[in-house]
Amino acid sequence: MKDFAQFSGEDAPFSLEMEKTEGKCIFLKNGRCKIYDFRPLLCRCFPFWIEREGKWKFIFKASEECPGMGKGLTLKRSFFVQLLKQSFEAYAVSDSRDRTSEV
């Protein structure tokens, strides 16, 4: 993981940032993602990310780097609820793996 992500200082499950070269993801080549079919949740959420604002309060933020920002349909609350749910499910799976490997 250290080859493509770094810890952001946030609490899990939102604790990683993708590694970049010259401000771009290291897997972006000629404008296309080289690991698209296998991209992690972090990438599937792009251009959004989640920040914790208290024990059970989370804020979605968006990157202005995305060329699609401000274009297309307005995303509904259900879209962001689904992203949050996927984040917690991914965290639960990775957390259970971590606990199993400690035994």
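Starting from the range 29-42, keep only residues that are closer than 19 Å to A92 by Cα, then list their pairs with residues that are at pLDDT 85 or above whose Cβ atoms are within a distance under 7 Å, requiring at least 6 positions of separation or different chains.
Listed pairs, sorted by first residue: R39/C33.
Select from the range 43-84 the residues that are free of Cβ contacts under 8 Å to residues at least 12 places away in the same chain, basic (K, R) and over 27 Å from R32 (Cα atoms) and list them in ascending order.
Hits for the range 43-84 are K55, K57, R77.
The values are calculated or read from the model by the stated rules, or taken from the named source; none is laboratory data. A quick note: this is a predicted structure, and the numbers were derived from the prediction, not measured. Cβ: placed from backbone, ideal geometry, glycine included. Neighbour counts: every protein chain shown.
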